[in-house]
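To start, the structure under review is shown below, and the notes come after it.
Coordinate-derived values only; no laboratory data. Computed from a predicted structure; not experimentally measured. Note that each Cβ is placed from the backbone with ideal geometry, even for glycine, and that neighbours are counted across all protein chains shown.
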Amino acid sequence: MRTLFKNIKELLQIRDESIKFVLGKAMAELPTIKNAYLLVEDGIIKEFGSMDNCPKTEVNNLVDATGKMLLPTWCDSHTHLVYAGNRESEFVDKIKGLSYQEIANKGGGILNSAKTLQETPEDDLYQQSKTRLEEIMALGTGAVEIKSGYGLTLEAELKMLRVIKRLKQNYQLPIKATFLGAHAVPLEYKNDKAGYIQLLTETMLPQIAEAQLAEYIDVFCETGYFTVEDTERILKAGKQYGLIPKIHVNQFTSIGGVQIGIKYHALSVDHLEEMRDDDIQALKGTQTMPVALPGCSYFLSIPYTPARKMIDTGLPLALATDYNPGSSPSGNMNFVVSTACIKMKLTPEEAINAATINGAYAMGLEKEVGSITVDKKANLILTKPINSYGFMPYAFGANQIDTVFINGIAI
Ligand code: NIG
Ligand code: FE
């Protein structure tokens, strides 16, 4: 099965297979070819180049991309898109000025979502989640990480992870699963956090690992949730079961979460709205990807990750949606890319790098997706006719996508 894209106005994000992620000044470079072709064979990028060298071979599909851009699909390395119901009931309280923590104290927050999820049958949860997955795919996401963490009991955490597994089986895009049992301390353990951590490490983890339901382990390392010591204990246990850390840190307070992530070789440390200079310095020269979630800053009216400073210091950066019912009820990576430019002062090149190649790395998929590279998956966004790629983040809130291709097939 061969598909040829021809007359592509500009083919974006061309990378050598040796590039795992880009950092610092290199984030400002986005290699492209103008007036290009790209050939897909059996779902894989076979070759590409200038139209002058376009092959004359027989193909099954011909896509005329005149006036359009072609780029790799977005890589959304941080979502919680498996959840039940929503938290619209908290929206007006939020508008009226209640903080994230005040809403949680009133019976809202993560525990509210956990209660709803525990009461939702597995098939219903699957149906709700698949709608969200299809929605983000139509918005250009072609690889995604999904977390558990709204279960908070053995059964409900397993239910969430089984739903993620079913999504993996039924959809063609790469999906990675993360166990986030340490998302909040459930009410039953309100006065016995150690007991909950014991349940998590001694009962949940072995069963999840045995059933191969997760690749990563996550902890909400934050004042009022899990301390640095709790986090260390959980990451240690996770590692014993082969789960790689990818953690929530520095969302509201800087308490040493970044450093503990690095110590345990976290693949990524995510949120980072509150960064001290030593947090930024600690990340230098490591293999841990900092991930910013501007949708969360936008929705909660909290600071944006100091991404400009981090990149100028020489760090890499990935962008993700944090799609979840409480702090970022949107899985739209186009909005994230745009917001990163407008509010975090990234250039379009930096934002596109952060949302593709660096996002792929932040979920261990850099060999499969995230760039236009021979032998990577043909997960591609074909835009509507636009003058330049910078128009995508500039025209915020509008959709510049014509067609999304997963393994070379239009969805
Ligand atoms: O990444 N911060 C922790 N977890 C989610 C929010 C969860 C919720 O409010 O439901 C986040 O922002
Ligand atoms: Fe999150």
Inset, instruction - Starting from the Cα-Cα distance between Glu122 and Asp64, subtract it from 0.36 nm times their residue separation and give me the gain in nm to one decimal. - result: 16.6 nm
Legend entry - Sequence ranges 174-184, 254-264, 102-112, 331-341, ranked by mean other-Cβ count within 10 angstrom, highest first: 174-184, 331-341, 254-264, 102-112
Inset, instruction - Could you size up the charge dipole of the chain around its Cα centre, putting +1 on the beta carbon of Lys and Arg and -1 on that of Asp and Glu, and report it in debye to the nearest 20? - result: 500
Legend entry - In Å, descending, principal axis extents of the Cα set of the stretch 124-267: 40, 28, 26
Legend entry - Theoretical ellipticity at 222 nm over the chain - DSSP helices of four or more residues, -39500 (n - 2.57) apiece, nearest 500: -9000 deg cm²/dmol
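Tally Lys/Arg at +1 and Asp/Glu at -1 over every other residue whose Cβ is under 10 Å from the Cβ of Met51; what's the total? Write out the running numbers ahead of the final one.
Values: positive: Lys6, Lys34; negative: Asp52.
Local charge sum for Met51: +1.
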Legend entry - Reachable aspartates and glutamates, given that their alpha-carbon falls under 12 Å from the alpha-carbon of Lys284 and they are not under 8 places away in the same chain: Asp312
Inset, instruction - Before anything else, pin down the relative contact order of the chain: Cα pairs under 8 Å, at least 6 apart, normalised by residue count, whole percent. - result: 22
Legend entry - Pairs of lysines in the stretch 1-156 (C-alpha under 22 Å apart; 8 or more residues apart or interchain): 22
Inset, instruction - Could you work out the relative contact order of the stretch 1-124, using alpha carbon pairs under 8 angstrom and six or more residues apart, expressed as a whole percent? - result: 28
Inset, instruction - Distance between Cα centroids, the stretch 111-137 to the stretch 353-398: provide it in whole Å. - result: 27
Inset, instruction - Calculate how steeply helix 109-119 sits against the longest principal axis of the alpha-carbon atoms of the chain, using the helix alpha-carbon long axis, and give the answer as 0 to 90 degrees to the nearest 10. - result: 90
Inset, instruction - Please find the FRET efficiency linking Asn105 to Ala138, where r is the Cβ-Cβ separation and R0 is fixed at 35 Å, and quote it to the nearest 0.05. - result: 0.45
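If you add up the charges near Ile8, with Lys and Arg at +1 and Asp and Glu at -1, over every other residue whose beta carbon is less than 9 angstrom from its beta carbon, what do you get?
Summing Lys/Arg as +1 and Asp/Glu as -1 gives +3.
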Inset, instruction - Using per-residue counts of other Cβ atoms within 10 Å, averaged over each peptide, order 12-18, 2-8, 319-325, 95-101 from highest down. - result: 319-325, 2-8, 12-18, 95-101
Inset, instruction - Take the Cβ-Cβ distance between Thr223 and Ala26 as r, set R0 to 35 Å, and report the resulting FRET efficiency rounded to the nearest 0.05. - result: 0.50
Inset, instruction - Highest first, please rank the peptides 68-77, 366-375 by the mean number of other Cβ atoms sitting within 10 Å of their residues. - result: 68-77, 366-375
Legend entry - Whole-angstrom gap from the stretch 284-322 to the stretch 51-108, using each part's C-alpha centre: 17
Inset, instruction - Provide the FRET efficiency to the nearest 0.05 for the Asn191-Asp278 pair, computing r from the beta carbons and using R0 = 25 Å. - result: 0.15
Inset, instruction - Pop a pseudo-label 7 angstrom from the Cα along the beta-carbon direction at both Lys34 and Lys263 and give the gap in nm to one decimal. - result: 5.2
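Quick one: what do you get for the chain if you divide its Cα Rg by 2.2 N^0.38 Å?
Details: Rg = 20.8 Å, N = 411, 2.2 N^0.38 = 21.7 Å.
In units of the 2.2 N^0.38 Å rule of thumb, it is 0.96.
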